[in-house]
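Colleague: Please read through the structure below; I'll follow up with questions.
The values are calculated or read from the model by the stated rules, or taken from the named source; none is laboratory data. This is a predicted model, so every value here is computed, not measured. Please note: Cβ atoms are built from the backbone with ideal geometry, for glycine as well, and neighbour counts cover all protein chains shown. The protein model used for the area step is the full one, side chains on, heavy atoms only, and it has no ligands, DNA or RNA in it. Shrake-Rupley method; radii C 1.70, N 1.55, O 1.52, S 1.80 Å.
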Amino acid sequence: MKPVWLIAGNFLREQRWPVVILLGWVVLLSVAAGFSDLRRTPEDVFMLFQQVAVYILVFSLFFGASAIRNELRTRRILAVLSKGISRRQYIAGLLLGIVMAIAIYCLALGMAGAWVLPQVGVPAMRFGLLLLGLGVASLLTACLALFFSIFLHPLLATGATLVIVGSPLLVEVVWNSSWAVLVPVYAILQGFLNLSQGATAFQGWLILLALGETALVWLVSAWLFSWKDVALAVE
Amino acid sequence: MAPVLEFQEITKQYGGWFTRQPVQALDRFSLSVEAGEIFGFLGPNGAGKTTAIHLALGFMRADQGRGLMLGRPFGDARTRRRVGFLAENVALYHRPAAKLVQFYGGLNSLGGARLRQRSREVLELVNLAPDAERNVGSFSRGMLQRIGLAQALVNDPELLILDEPTSALDPVARVIIRELLLRLKGEGKTVFLSSHLLSEVELVCDRVGVMHGGRLAKLGRTVDLLHSREQSQVVARGIDVGAFPGGVASDGVVSFTITTTSQREVLERIWSLGGEVVSVNPLKRSLEQIFLEVTQPELERRGK
């Protein structure tokens, strides 16, 4: 397990600037909210939190899509994979690194939310559950992007992930079908997007479904990655 | 004793689907590296040396054939804990040298005080102890190669695979690495050394293999390859320089090359001419000559 943690920590270290930038944005948001008259502008507060939630999802998507490619391009992957770690552990390490980045974002957003949102009528407990959902949805998104990036350019992997993650929206709008929850990222995120519309039932099963799908995509990614030629130069 | 590294009829081809012209990197390549030896792996660019190394480490899979490293199939993660590897163009994360070595040691599941101690030892070995706290991002190419070697040694490997380890080093550093390799051999380790620096290989390797066109074109003990069994170098005194074909006069002696089978006849002729035989030795060739013999046809073909 130690190598997985080391790869995760290393990933986080290599991605420290995007992490710091989004964290800075969350801090800025909290400070701005703290100095404003929250009761008079609750819609603005909701919008800011929803915006940051979408940013977290988008950052996770980019982290997932670029994680392997960066290592292949710099050829740093060779020294790592020459050690006693399997491809499955390597993929797990990258995903754990992304989880750590998401956790940092969610923690910062949670702290800001716990301070600001109760003042506009959103209980801290409800916000906490929404954050949990956001974290899991972001993880599934990152995992899908990582999967596609094994055989696609990061830009194409990003596009493919957006299609998969966004297709439930299309299914719901066009066919009004319950199959929309098959990839539950959008369904989970809806809780966040409806922050202003009062309490909605916490759909724990969606989170469990997302976690199950993440595990499945991880296993398939690891298997696929075990066939990948990591020594070939990519530009 | 079982070979430490074994390639069995391995074939590997790059490209060829929709992307580019297929390139045959290895063509039914077979080789066995024995425990405790320093094996020199030579060949011109594109001969398949790096492909063979990458296959052994599991970076890619062979199209055909199989291979064993320390008795386990290529690509086995647990086996790699007992192996050290330095890539040709070493690419490492930018962090302090000591932390970097500890990171790579940790990937081999080492840890704690033992890892910190080992990290200090290997930095000493490659002469980088004074730079242990310096960020690797500010290192010169030669220093990068040495820190690359340090990370390869951190797990005290049984098998060390080095792809061009001395190409960017100055002469002093080269001597240090050469002595280090000999010391590792003395400790019973096996070193698989791919290099273009033939003089280095000549000095440290027990056996050499020359790759050409994805196949092993020449293989043998270094001493056997360097000392010809078919030809001898004769040095004689008191004879005319023109007495034997190819004779060269220098410092009052005449030296020339003969086939080993004609040795007796030549010596009798020197005596009959009133001369004196100073020495008769197997003809010593350089590794460069052997390398060129193997690869010359290809070079000529390219020239045409």
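Residue-wise test of (1) among the aromatic types (Phe, Trp, Tyr); (2) closer than 16 Å to A:Val26 by Cα; (3) open to solvent by 10 Å² or more (accessible area, probe 1.4 Å).
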{"residue": "A:Val58", "(1), (2), (3)": "no, yes, yes"}
{"residue": "A:Ile68", "(1), (2), (3)": "no, no, no"}
{"residue": "A:Thr74", "(1), (2), (3)": "no, no, yes"}
{"residue": "A:Arg88", "(1), (2), (3)": "no, no, yes"}
{"residue": "A:Ala92", "(1), (2), (3)": "no, no, yes"}
{"residue": "A:Val99", "(1), (2), (3)": "no, no, yes"}
{"residue": "A:Gly121", "(1), (2), (3)": "no, no, yes"}
{"residue": "A:Thr141", "(1), (2), (3)": "no, no, no"}
{"residue": "A:Phe147", "(1), (2), (3)": "yes, no, yes"}
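Colleague: Please determine, by comparing only the residues of the stretch B:84-96 that are more than 7 Å from chain A (Cβ to nearest Cβ) and not β-branched (Val, Ile, Thr), which one is most open to solvent (accessible area, probe 1.4 Å). Full working, then the answer.
Modeller: Narrowing the stretch B:84-96 to residues more than 7 Å from chain A (Cβ to nearest Cβ): B:84, B:86, B:88, B:90, B:94-96.
From the residues that got through so far, the ones that are not β-branched (Val, Ile, Thr) too are B:84, B:86, B:88, B:94-96.
On the way: B:Gly84: 0, B:Leu86: 0, B:Glu88: 75, B:His94: 92, B:Arg95: 26, B:Pro96: 38 Å².
Of everything passing the filter in the stretch B:84-96, B:His94 is most open to solvent (accessible area, probe 1.4 Å).
Colleague: Could we say that A:Ile7 is within 26 Å of A:Ala157 (Cβ to Cβ), outside any helix (DSSP H, G or I) and at the interface with chain B (Cβ under 10 Å from one of its Cβ atoms) here?
Modeller: Values: within 26 Å of A:Ala157 (Cβ to Cβ): yes; outside any helix (DSSP H, G or I): no; at the interface with chain B (Cβ under 10 Å from one of its Cβ atoms): yes.
So A:Ile7 does not fit the description; no.
Colleague: Which of the residues that make up the stretch B:153-183 are under 13 Å from the mean Cα position of the chain (by Cα), charged (D, E, K, R) and within 19 Å of B:Glu124 (Cβ to Cβ)?
Modeller: B:Arg178
Colleague: Out of the stretch A:55-83, which residues are without any contact (Cβ under 8 Å) to a residue 12 or more places away in the chain and either of a type in the set (S, T, N, Q) or within 18 Å of A:Tyr186 (Cα to Cα) (or both)?
Modeller: Kept after step one, since they are without any contact (Cβ under 8 Å) to a residue 12 or more places away in the chain, are these residues of the stretch A:55-83: A:58, A:71, A:74, A:76, A:79, A:82.
Matches in the stretch A:55-83: A:Val58, A:Thr74, A:Ser82.
Colleague: Please work out which residue is farthest from A:Gly84 (Cα to Cα), limiting yourself to the stretch B:128-140 and to residues that are within 14 Å of another protein chain (Cβ to nearest Cβ) and part of a helix (DSSP H, G or I). Steps first, please.
Modeller: Residues of the stretch B:128-140 that are within 14 Å of another protein chain (Cβ to nearest Cβ), as a first pass: B:135-137.
Those still in the list that are part of a helix (DSSP H, G or I) too: B:136-137.
Details: B:Val136: 23, B:Gly137: 25 Å.
The selected residue is B:Gly137.
Colleague: For the stretch B:260-281, name all the residues that are outside any helix (DSSP H, G or I), closer than 30 Å to B:Val208 by Cα and open to solvent by less than 70 Å² (accessible area, probe 1.4 Å). Can you show your working first?
Modeller: In the first step, residues of the stretch B:260-281 are kept if they are outside any helix (DSSP H, G or I); the result is B:273-281.
Pick out the ones that are also closer than 30 Å to B:Val208 by Cα and you get B:279-281.
Selection gives B:Ser279, B:Val280.
Colleague: Let me ask something else. Kindly check whether there is at least one residue in the stretch A:109-132 that is under 19 Å from A:Leu94 (Cβ atoms) and either touching an Asp or Glu at 6+ places or on another chain (Cβ under 7 Å) or assigned to a helix (DSSP H, G or I) (or both). Walk me through it before giving the result.
Modeller: Let us first name the residues in the stretch A:109-132 that are under 19 Å from A:Leu94 (Cβ atoms), namely none.
No, the stretch A:109-132 has no match at all.
Colleague: Among the residues in the stretch B:101-108, are any touching a strand residue (DSSP E or B) at 6+ places or on another chain (Cβ under 7 Å) and open to solvent by 10 Å² or more (accessible area, probe 1.4 Å)?
Modeller: no
Colleague: Within the stretch B:50-69, which residues are closer than 17 Å to B:Ala152 by Cβ and either touching a residue at least 60 places away in the same chain (Cβ under 8 Å) or open to solvent by 70 Å² or more (accessible area, probe 1.4 Å) (or both)? First the steps, then the outcome.
Modeller: Filtering the stretch B:50-69 down to residues closer than 17 Å to B:Ala152 by Cβ leaves B:50, B:53-54, B:56-59, B:69.
Scanning the stretch B:50-69 gives B:Thr50, B:Ile53, B:Ala56, B:Leu57, B:Met69.
Colleague: Then there's this: Go through the residues of the stretch B:223-238 one by one and say whether even a single one is assigned to a loop (DSSP other than H, G, I, E, B), within 30 Å of B:Ser32 (Cα to Cα) and in contact (Cβ under 8 Å) with a residue 40 or more places away in the chain.
Modeller: First pass over the stretch B:223-238, keeping only residues assigned to a loop (DSSP other than H, G, I, E, B): B:238.
With within 30 Å of B:Ser32 (Cα to Cα) added as a condition, the list becomes none.
Within the stretch B:223-238 (the criterion being assigned to a loop (DSSP other than H, G, I, E, B), within 30 Å of B:Ser32 (Cα to Cα) and in contact (Cβ under 8 Å) with a residue 40 or more places away in the chain), the answer is no, since none of the residues qualifies.
Colleague: Of the conditions (1) closer than 17 Å to A:Ile77 by Cβ; (2) open to solvent by 50 Å² or more (accessible area, probe 1.4 Å); (3) facing chain A (nearest Cβ under 8 Å), B:Arg81 fails just one. Which one is it?
Modeller: (1)
Colleague: Within the stretch B:146-183, count every residue that is out of contact with any Pro (no Cβ under 7 Å at 6 or more places or on another chain) and within 21 Å of B:Leu107 (Cβ to Cβ). Spell out the reasoning first.
Modeller: Here is the first cut: in the stretch B:146-183, the ones out of contact with any Pro (no Cβ under 7 Å at 6 or more places or on another chain) are B:146-148, B:150-176, B:178-183.
Adding the requirement that they be within 21 Å of B:Leu107 (Cβ to Cβ) leaves B:146-148, B:150-163, B:165.
Counting residues in the stretch B:146-183 that are out of contact with any Pro (no Cβ under 7 Å at 6 or more places or on another chain) and within 21 Å of B:Leu107 (Cβ to Cβ) gives 18.
Colleague: Could I ask something else about it? Any residue in the stretch B:117-127 that is among the small types (Gly, Ala, Ser) and in a loop (DSSP other than H, G, I, E, B)?
Modeller: We begin by selecting, within the stretch B:117-127, every residue among the small types (Gly, Ala, Ser); these are B:119.
Okay, now just the ones that are also in a loop (DSSP other than H, G, I, E, B), so none.
No, because not a single residue in the stretch B:117-127 is among the small types (Gly, Ala, Ser) and in a loop (DSSP other than H, G, I, E, B).
Colleague: I would also like to ask the following. Would you confirm, using the coordinates I've provided, whether B:Arg72 is touching a helix residue (DSSP H, G or I) at 6+ places or on another chain (Cβ under 6 Å), within 14 Å of another protein chain (Cβ to nearest Cβ) and exposed (fewer than 15 other Cβ atoms within 10 Å of the Cβ)?
Modeller: Numbers: touching a helix residue (DSSP H, G or I) at 6+ places or on another chain (Cβ under 6 Å): yes; within 14 Å of another protein chain (Cβ to nearest Cβ): yes; exposed (fewer than 15 other Cβ atoms within 10 Å of the Cβ): yes.
Yes; evaluated as a whole, the condition is true for this residue.
Colleague: Please give the helices (runs of 4 or more DSSP H) falling wholly within the stretch B:141-218 in which 1 or more residues are open to solvent by 10 Å² or more (accessible area, probe 1.4 Å) and within 26 Å of B:Arg116 (Cα to Cα). So that I can check it myself, show each step before the final result.
Modeller: On the way: elements: B:141-153, B:171-186, B:198-204.
In the stretch B:141-218, the matching helices (runs of 4 or more DSSP H) lie at B:141-153, B:171-186.
Colleague: Next question. From the set of residues in the stretch B:141-151 that are among the small types (Gly, Ala, Ser) and within 11 Å of B:Leu92 (Cβ to Cβ), which is farthest from the other protein chains (Cβ to nearest Cβ)? Lay out the reasoning, then the answer.
Modeller: Within the stretch B:141-151, the subset among the small types (Gly, Ala, Ser) is B:142, B:148, B:150.
Checking which are within 11 Å of B:Leu92 (Cβ to Cβ) leaves us with B:148, B:150.
On the way: B:Gly148: 7, B:Ala150: 11 Å.
For the stretch B:141-151, the residue satisfying everything is B:Ala150.
Colleague: Give me a count of the residues in the stretch B:226-247 that are within 28 Å of B:Glu6 (Cβ to Cβ) and open to solvent by 20 Å² or more (accessible area, probe 1.4 Å).
Modeller: Residues of the stretch B:226-247 that are within 28 Å of B:Glu6 (Cβ to Cβ), as a first pass: B:226-227, B:229.
Now narrow it down to the ones that are open to solvent by 20 Å² or more (accessible area, probe 1.4 Å): B:227, B:229.
Result for the stretch B:226-247: 2.
Colleague: Does B:Asp170 count as over 25 Å from A:Asn70 (Cα atoms), acidic (Asp, Glu) and at pLDDT below 90? Outline the logic, then answer.
Modeller: Numbers: over 25 Å from A:Asn70 (Cα atoms): yes; acidic (Asp, Glu): yes; at pLDDT below 90: yes.
Criteria met by B:Asp170.
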